[in-house]
1. Determine whether D44 is more than 13 Å from L21 (Cβ to Cβ), among the charged types (D, E, K, R) and touching a residue at least 24 places away in the same chain (Cβ under 8 Å).
2. Does S24 satisfy the criteria of being in a strand (DSSP E or B), touching a residue at least 60 places away in the same chain (Cβ under 8 Å) and not hydrophobic (A, V, I, L, M, F, W, C)?
Amino acid sequence: MSAGASSAPPPMQAAAGVNRLVLSAQLVERGALRYTPAGLPALDLGLKHESQVLEDGQPRRVSLEIRAVAIGEITRRVGALALGDGGEFAGFLSAGRSGRGLLFHVTALD
């Protein structure tokens, strides 16, 4: 080893700006179409997810409901879903409007 070289590994760094969620879910609530101050269409949603996953090698049942919002062009696709319809929703997380809790911003639907 040369002088001044360290054998310690470099510190771990988190990927900058990664905020992506993909969730298989059912549409359980949809508010009336509204418009943002910028004039974009928006839909407030309730999504329900149920699955079984492995955690530390043990099966775990997961059941959750999450508040979501669709803004812009995606409102057409989400608006065409009937309550109870499922899909793979993708997007990102932000703080809720009140600054408490999480809000899932849906940007894609498969």
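1. yes
2. Judged against the criteria, S24 is a match.
No value in this document is a laboratory result; all are computed from the given coordinates. Here the structure is a predicted model, which means the values were calculated and not measured. Cβ: placed from backbone, ideal geometry, glycine included. Neighbour counts: every protein chain shown.
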